[in-house]
Amino acid sequence: MSIALLCTAAVAALVVQQPVVSSRRSPAVMSADRTFAPAEAKGGTSVDTKKTAVLFIEYQNEFTTEGGKLHGAVKECMDETGMLEKSSALASKARTAGAKVFHAPISFKEDASDNPNKGLGILAGCAGDKLFTEGSWNADFHPSMQPQPGDVVVQNKRGLDAFPGTDLEAQLKANGIETVVLAATSPLPPGAFSEPS
């Protein structure tokens, strides 16, 4: 059984504790243990499903379910693409194939005191509209995307990037992950998944 994969050299290299080169930074500002030649990148190698994670980002009622405050903004696209059904099927197939399923929910305290940018951009909207309030129905997973035994739920995601302040990097390493497949409820904004600093 094969799964469509999106592999980032940054994550693959990071997980096997090899250094990373980013096109967004010059190697001069990166520590020596985080750089390597493009020829040493893992891209193009065969994929081992046992070392693969499918990361589902923000499959929460706020987006995915009627009554969620952002559902109207994504409903048409979700319906046209069959996003929920396809995502649920992908999660099931990934588990069956031996890949690890990761979930990266976002949530904030009622007063948004844990929102890192409550005065700017998308995160300002989250604070102002009380989106993804922890412990609420809105922040809960869609019924078809509830984590299953053996899945990993990333803790403390408070921004658009899945790494800062979360346990994602530690969980990827702990589970021996070399390849990451990304899935999200809406198009991924820049920085939604980038290598740690």
- prompt: How many of the residues making up the stretch 43-69 are in contact with a strand residue (DSSP E or B) (Cβ under 9 Å, 6 or more places away or on another chain), within 25 Å of His142 (Cβ to Cβ) and not in a helix (DSSP H, G or I)?
  reply: 10
query: Taking the stretch 78-114 as the region of interest, how many residues are touching a residue at least 12 places away in the same chain (Cβ under 8 Å), under 30 Å from Glu178 (Cβ atoms) and loosely packed, with under 14 Cβ neighbours inside 10 Å?
result: 3
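Could you list all residues from the stretch 153-177 that are open to solvent by 10 Å² or more (accessible area, probe 1.4 Å) and either in contact with a strand residue (DSSP E or B) (Cβ under 6 Å, 6 or more places away or on another chain) or within 28 Å of Thr81 (Cα to Cα) (or both)?
Quick first cut of the stretch 153-177, residues open to solvent by 10 Å² or more (accessible area, probe 1.4 Å) only: 153, 155-156, 158-161, 163-167, 169-171, 173-176.
Of everything in the stretch 153-177, those that are open to solvent by 10 Å² or more (accessible area, probe 1.4 Å) and either in contact with a strand residue (DSSP E or B) (Cβ under 6 Å, 6 or more places away or on another chain) or within 28 Å of Thr81 (Cα to Cα) (or both) turn out to be Val153, Arg158, Gly159, Leu160, Asp161, Phe163, Thr166, Gln171, Asn175.
If a residue must be under 22 Å from Ser88 (Cα atoms) and assigned to a loop (DSSP other than H, G, I, E, B), how many such residues does the stretch 144-177 contain?
If we filter the stretch 144-177 for residues that are under 22 Å from Ser88 (Cα atoms), which is where we start, we get 144-155, 157, 162, 168, 171-172, 175, 177.
Now restrict to residues that are assigned to a loop (DSSP other than H, G, I, E, B): 146-151, 154-155, 162, 175, 177.
Residues flagged as under 22 Å from Ser88 (Cα atoms) and assigned to a loop (DSSP other than H, G, I, E, B) within the stretch 144-177 amount to 11.
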- prompt: Which ones in the stretch 117-127 are within 16 Å of Lys157 (Cβ to Cβ), assigned to a loop (DSSP other than H, G, I, E, B) and either of a type in the set (Ser, Thr, Tyr) or open to solvent by 80 Å² or more (accessible area, probe 1.4 Å) (or both)?
  reply: Lys118
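Would you tally the residues in the stretch 137-148 being more than 16 Å from Phe56 (Cβ to Cβ) and either open to solvent by less than 40 Å² (accessible area, probe 1.4 Å) or without any contact (Cβ under 8 Å) to a residue 40 or more places away in the chain (or both)? Give the steps one after another, and end with the answer.
The first filter runs over the stretch 137-148 and keeps only residues more than 16 Å from Phe56 (Cβ to Cβ), leaving 137-138.
Retained after the next criterion (residues that are either open to solvent by less than 40 Å² (accessible area, probe 1.4 Å) or without any contact (Cβ under 8 Å) to a residue 40 or more places away in the chain (or both)): 138.
Looking only at that region, the number is 1.
The values are calculated or read from the model by the stated rules, or taken from the named source; none is laboratory data. Note that the coordinates shown come from a computational prediction; the quantities given were computed from them, not determined experimentally. Note: ideal-geometry Cβ built from the backbone for every residue, glycine included; neighbour counts use all protein chains shown. Calculation scope for accessible area: heavy atoms of the full protein, side chains included, ligands and nucleic acids excluded. Shrake-Rupley method; radii C 1.70, N 1.55, O 1.52, S 1.80 Å.
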